[in-house]
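J.: If you scroll down you'll find the structure; I have some questions about it.
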Amino acid sequence: MNNNHLSALRNKHAALEQKLELEESRPSPDSKIILSLKKQKLHLKDVLMHESALTG
């Protein structure tokens, strides 16, 4: 994959991290939202690792 694709994936991962931090900092965080965001982040991390391995 090209660097633009990897960069877009990293940006999505960073955006999810921001959403997660925001949700966790709320007075009454929603555990379902937190779980969903963590799963999305993990999936993106797996994709990033796979794509990075393919590009060398």
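J.: Considering each residue of the stretch 1-38, count those that are part of a loop (DSSP other than H, G, I, E, B) and of a type in the set (Lys, Arg), and give that number.
T.: 1
J.: Quickly run through the stretch 8-38 and pick out the residues that are hydroxyl-bearing (Ser, Thr, Tyr) and surrounded by 15 or more Cβ atoms within 10 Å (Cβ to Cβ).
T.: SER36
J.: While we're on this one: Mind checking which residues of the stretch 39-56 are surrounded by fewer than 13 Cβ atoms within 10 Å (Cβ to Cβ) and either charged (D, E, K, R) or not in a helix (DSSP H, G or I) (or both)?
T.: If the condition is that a residue be surrounded by fewer than 13 Cβ atoms within 10 Å (Cβ to Cβ) and either charged (D, E, K, R) or not in a helix (DSSP H, G or I) (or both), then LYS39, ASP46, GLY56 are the ones that fit.
Conditions tested, residue by residue: (1) at pLDDT below 95; (2) β-branched (Val, Ile, Thr); (3) in contact with a Ser or Thr (Cβ under 9 Å, 6 or more places away or on another chain); (4) closer than 19 Å to LEU6 by Cβ.
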{"site": "LEU22", "(1), (2), (3), (4)": "no, no, no, no"}
{"site": "PRO27", "(1), (2), (3), (4)": "no, no, no, no"}
{"site": "SER36", "(1), (2), (3), (4)": "no, no, no, no"}
{"site": "GLN40", "(1), (2), (3), (4)": "no, no, no, yes"}
{"site": "HIS43", "(1), (2), (3), (4)": "no, no, no, yes"}
{"site": "ASP46", "(1), (2), (3), (4)": "no, no, no, yes"}
{"site": "ALA53", "(1), (2), (3), (4)": "yes, no, no, yes"}
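The values are calculated or read from the model by the stated rules, or taken from the named source; none is laboratory data. Predicted model, so just to flag it, every value in this text is computed and none were measured. Cβ: placed from backbone, ideal geometry, glycine included. Neighbour counts: every protein chain shown.
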